[in-house]
Each structure stands twice: as C-alpha cells, then as structure tokens.
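Notes for the one structure printed next.
The values are calculated or read from the model by the stated rules, or taken from the named source; none is laboratory data. What you see is a predicted model, and the numbers here were worked out from it, not measured in a lab. Backbone-built Cβ (ideal geometry, glycine too); neighbour counts: all protein chains shown. SASA here: full protein model, heavy atoms, side chains in, ligands and nucleic acids out. Shrake-Rupley method; radii C 1.70, N 1.55, O 1.52, S 1.80 Å.
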Amino acid sequence: MRLERLSKEQIKKEISSLQGWNIINGKLHKDFAFKDYVEAFGFMCRASIHIEKMNHHPEWFNVYNKISIDLVTHDAGGITQNDINLARIFNLLEK
C-alpha cells in the first residue's frame, strides 16, 4: 500500500491536535524530556514495539533524558497519515 503525502492544510489540521509537535525542515518534530536516562530509554523501548508493528521507523536522537524525534515518510516525499498516527502513539506513551 502506497501512502499519500498530506497537503499543508491537512498537516496543519492534524498537528493542531498533536501537543508539542511542529514542522521543522518538512518533518514532524518533537523534543521529549524525561526524568532521567532510564525513563527516556524505557519510552524508546515501549515505542519500538509500535514502530515495528507499523514498520514505520522514526529518525530519533537520544542524549541522557532527552529524545528528539522527526517523522516523515521518505517513500511519499513528505508527511503522511502514518507519521501523524505514530506521533499520536508517542504522545500517549509519554504519559
């Protein structure tokens, strides 16, 4: 199944309900901060289960208690509904 890139209007509508997410360099982006490294790593482990199920792998970077995540669907050349869905999952796992 080929995923279709969302329009700018669709993206704007979707991210209005995604707390903490914005667009940087054409990608959905959010910086997460946790209590410590163990909590940050635990988030990444929980997230990886969903990531594998979706077969949709983020660009993420971790230093101690901070994680930066960028989401984009390279095959579609932009942000797709898959990126929005994964961002929603990350927000749920953050709590």
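Computed quantities for the displayed model
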quantity	calculated
Any pair with Cβ under 6 angstrom, 6 or more apart, that starts in the range 50-78 at a residue that is without any contact (Cβ under 8 Å) to a residue 12 or more places away in the chain and within 23 Å of Lys8 (Cα to Cα) and ends at one that is outside any strand (DSSP E or B) and open to solvent by less than 40 Å² (accessible area, probe 1.4 Å)	His57/Ile51
Test result for Ile67, buried (at least 16 other Cβ atoms within 10 Å of the Cβ) and touching a His at 6+ places or on another chain (Cβ under 7 Å)	no
Residue, surrounded by the fewest Cβ atoms within 10 Å (Cβ to Cβ), within the range 17-45, restricted to residues that are among the aliphatic types (A, V, I, L, M) and assigned to a helix (DSSP H, G or I)	Val38
First in the range 1-20 and more than 15 Å from His56 (Cβ to Cβ), second anywhere and open to solvent by less than 100 Å² (accessible area, probe 1.4 Å) and small (Gly, Ala, Ser), Cβ under 6 Å, 6 or more apart	Leu18/Ala87
Cross-chain or 6+ apart pairs with Cβ under 7 Å, the range 27-43 first and in contact (Cβ under 8 Å) with a residue 60 or more places away in the chain, then of a type in the set (Asp, Glu)	Phe32/Glu94
Residue identified as open to solvent by 100 Å² or more (accessible area, probe 1.4 Å) and within 15 Å of the chain's Cα centre (by Cα) among Glu52, Glu14, Glu9	Glu52
In the range 1-48, the residues that are of a type in the set (Ser, Thr, Tyr) and within 15 Å of Gly78 (Cβ to Cβ)	Ser7
